[in-house]
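Enquirer: Take this structure first; my questions come after.
What follows is calculated from the coordinates using simple rules that are stated; it is not laboratory data. Model, not experiment: these values are computed from the prediction. As a convention, Cβ positions derive from the backbone with ideal geometry for all residues, glycine included, and neighbour counts pool all protein chains shown.
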Amino acid sequence: MVIPIPCAVAVVGILHQTCTTKSPLMHTSPALMPQSALAAMVESEAQEEEEEDIRVRRLPQAIVIGARKCGTRALLDFLEVHPRVRAARGEVHYFDREERHNLGLSWYRGQMPLSRPGDVTLEKSPAYFVTEAAPARVWRMNTSIQLILILRDPVARVVSDYAQHVHRRVSKDLPPKPIESLVLTRNGDGRVNPNAKMVQTSLYHRHLRRWLRYFKPDQIHLVDGDRLVSQPHSELQQVEDFLGLKRHIRPEHFVFNATKGFYCLAPSVSSGRGKKRRQRCLGSEKGRRHPSVANSTLTALRHFFAGHDERLVQLTGRTFDWMRRNAQQFGEE
Ligand code: A3P
């Protein structure tokens with residue numbers, strides 16, 4: 001499941017061609033052209049430049065489909081450092097929410113940012129990854145769309161989901177539920193409940209299999225969420241390659257913020273959100289301190305997901321760092 005595929009390049013190529021078709025005269029040396037033809041050529045070039053500047057809303061050529069709490073916001077915000085990437089602001093939820101899907105493609109297009117020919121338009125809605133109906137709906141819109149899926153340690157993802165639960169409850173003056181009531185079976189045997197929502201989202205191979213019924217493996221690019229945290233530029237460069245973009249994102253675009261504990265955009269780096277003199281970190285809802293979770297619960301979760309990790313390796317041919325870390329930990333137990 002690796003590296004660049006031609007479809008976005010083709011899509012971008014088609015857009016470019018339709019907007020800037022060159023006259024056959026342009027293959028002739030200007031010195032040999034009659035004046036009228038030269039004037040026509042100059043006019044046509046000026047028109048092309050003007051067309052290049054025309055910004056319209058386009059359907060996305062690529063979608064970040066998930067997974068929730070794996071770094072989808074960081075991925076999208078950091079990708080916008082690339083001058084040819086245009087991303088929708090919020091989560092659009094067109095393929096997972098009935099009422100939005102019923103609004104039709106013109107509504108969906110209206111949610112996209114203005115873009116020039118050759119730009120890559122993107123949106124992210126992590127709910128797509130786990131929604132049964134989403135792959136078929138996306139396929140009906142565009143069979144050659146490019147999909148980006150960011151994954152992280154499934155146990156860390158569950159705890160991150162739980163941190164959000166705690167935050168929501170506390171902000172409403174409600175006591176948080178214990179994590180055990182949300183991820184373990186009710187009979188108190190300490191086993192993981194495979195049907196619990198937080199557990200389900202981390203069953204990556206199941207959801208991915210559903211997407212692979214519609215899309216070729218080389219249409220789905222996997223991003224390692226842990227590496228996006230530790231070395232964002234290298235994960236982002238791989239995404240640039242996948243999208244057929246000229247490489248632009250460099251290590252200097254990021255600075256590590258010790259207070260936040262994450263990389264932020266370096267001061268004066270331009271992105272889809274403009275340019276700021278100070279460094280720009282993600283909001284306080286990203287990179288939260290995780291609540292402490294009993295070791296027995298973490299161990300139950302690790303054992304549960306180990307088998308699912310193996311199936312993900314079989315499906316994708318990819319071993320993620322968290323799998324090696326967890327295997328090492330099991331060896332030490
Ligand atoms: P935590 O809040 O559990 O640390 P999403 O945007 O999909 O909801 O993912 C949120 C996760 O993005 C955060 O989970 C955090 O680990 C991860 N992340 C990756 N890079 C980040 C960055 N530079 N700043 C903040 N969070 C980042």
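Enquirer: Quick check: net charge around L245, other residues with Cβ under 15 Å of its Cβ, Lys/Arg +1 and Asp/Glu -1?
Expert: +1
Enquirer: State the extension gain, in nm to one decimal, for the chain segment bounded by K275 and A196, taking 0.36 nm per residue of separation less the distance between their alpha-carbons.
Expert: 24.2 nm
Enquirer: Where in the stretch 187-211 is the amide nitrogen less than 16 Å from a point lying 7 Å along the Cα-to-Cβ axis of R169?
Expert: The answer is 197-199.
Enquirer: Let me ask something else about it. Please list, in chain and number order, the residues 5+ apart from R86 or on another chain whose amide H is under 5 Å from its amide H, with Hs placed from the backbone.
Expert: Amide H neighbours of R86, under 5 Å, 5+ apart: V120, T121, L122.
Enquirer: Hey, which lysines would be in cross-link range of K124, C-alpha to C-alpha under 23 Å, not counting anything within fewer than 8 residues on its own chain?
Expert: K69, K197, K216, K246, K275, K286
Enquirer: If you take every residue apart from P291 with its C-beta less than 13 Å away from the C-beta of P291, what net charge results, scoring Lys and Arg +1 and Asp and Glu -1?
Expert: +3
Enquirer: Counting Lys and Arg as +1 and Asp and Glu as -1, each charge on the Cβ, what is the dipole of the stretch 91-221 about the Cα centre in debye, to the nearest 20?
Expert: Taking the Cα centre of the stretch 91-221 as origin, the dipole is about 180 debye.
Enquirer: Sticking with this one: If I take R0 = 41 Å and measure r between the Cβ atoms of I54 and V255 in this structure, what FRET efficiency does the formula 1/(1 + (r/R0)^6) give, to the nearest 0.05?
Expert: Efficiency at R0 = 41 Å is approximately 0.70.
Enquirer: When Lys and Arg each count +1 and Asp and Glu each count -1, what net charge do the other residues less than 10 Å away from S271, Cβ to Cβ, add up to?
Expert: Here the charged neighbours net out to +2.
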